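The structure under discussion appears below in the form of structure tokens.
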Amino acid sequence: MSDKVKSLLAELKQSQGISSSKDIPKRVRPSLSRDKKEKESDEKEVTSGTYTILCIGASTGGPSAVQTVLQGLGKNFPLPVLYAQHLDVGADEKMAKWFDDTCPDICVSLAKDGEVAEPGHVYLAPAEKHLVIDRIKNGLPVLHLSDEAPERFLRPAVNKLFRSAAKFYKDNCLAILMTGMGADGAEGCKEIVDAGGYTICEDKSTCKVFGMPAAAIAMNAASKVLPRGEVAPAILRMVK
């Protein structure tokens, strides 16, 4: 197991409340499926300024930061959530399960190629795959896992996800860029903002590494800058 995987898994284990998955009660989730008529109705109701997708990008320190956000979204979150996290092979399945166990009000799973992303569900990019939106089907994103070359040595790359969201959702796109080293996601934030969407960058005060958010802020690509504890409440005010 690589040092990067060990570091990611250590961060998960050190987070409060996950010492044992046996301590987490099992729950029955409501079905996320909706019939075609409902989906077509939703598609017609999409208007300028109505947010219909949420994208999240993070790197170093990301799991605990994103956990705070997901726990704050509560039950029946109305948007699909696409999440690109820098991680290595061997950490993705464990990370998805950890999120799913510790964020009981929202479903979290590894994204699959060709699946339709449903509201109230988080889709985590697998290791060594770019997660992008391939097309829109009845108002919902159809996911694609790409084997394209790493972008600046990164796969998954946050920029890839954010660019695809800007392309398809334009001013209906919400995105969050959280703690992380480097500048991945900054250009994607700029494309979302230029398309009329809205971006929230994590404030330096709560970042483990103030790299990616700082790069986006420097590019005037942050619509709002907030400490992590204020991100979920801000999102809820915008979508509910």
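Inspect region 96-118 for any residue being out of contact with any strand residue (DSSP E or B) (no Cβ under 8 Å at 6 or more places or on another chain), more than 21 Å from Asn172 (Cβ to Cβ) and of a type in the set (Gly, Ala, Ser) and give the result as yes or no. Checking region 96-118: not a single residue is out of contact with any strand residue (DSSP E or B) (no Cβ under 8 Å at 6 or more places or on another chain), more than 21 Å from Asn172 (Cβ to Cβ) and of a type in the set (Gly, Ala, Ser).
For every residue, the table says whether it meets (1) in contact with a Leu (Cβ under 7 Å, 6 or more places away or on another chain); (2) of a type in the set (Asp, Glu); (3) closer than 14 Å to Val158 by Cα.
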{"site": "Gly180", "(1), (2), (3)": "no, no, yes"}
{"site": "Glu191", "(1), (2), (3)": "no, yes, yes"}
{"site": "Thr199", "(1), (2), (3)": "yes, no, yes"}
{"site": "Val209", "(1), (2), (3)": "no, no, no"}
{"site": "Met212", "(1), (2), (3)": "yes, no, yes"}
{"site": "Ala222", "(1), (2), (3)": "no, no, no"}
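Within region 145-173, if we keep just the residues that are part of a helix (DSSP H, G or I) and of a type in the set (S, T, N, Q), the residue that is farthest from Gly185 (Cα to Cα) turns out to be Asn172. Every test in (1) more than 12 Å from the chain's Cα centre (by Cα); (2) within 15 Å of Leu54 (Cα to Cα) is passed by Asp113 save one, and that test is (2). Residues that are open to solvent by 20 Å² or more (accessible area, probe 1.4 Å), of a type in the set (A, V, I, L, M, F, W, C), touching a helix residue (DSSP H, G or I) at 6+ places or on another chain (Cβ under 9 Å) and without any contact (Cβ under 8 Å) to a residue 60 or more places away in the chain do not occur anywhere in region 153-163.
The values are calculated or read from the model by the stated rules, or taken from the named source; none is laboratory data. Here the structure is a predicted model, which means the values were calculated and not measured. Don't worry about glycine lacking a Cβ; one is built from the backbone with ideal geometry, like all the others, and counts go over all protein chains shown. For accessibility, only protein heavy atoms count, side chains too; no ligands or nucleic acids. Shrake-Rupley method; radii C 1.70, N 1.55, O 1.52, S 1.80 Å.
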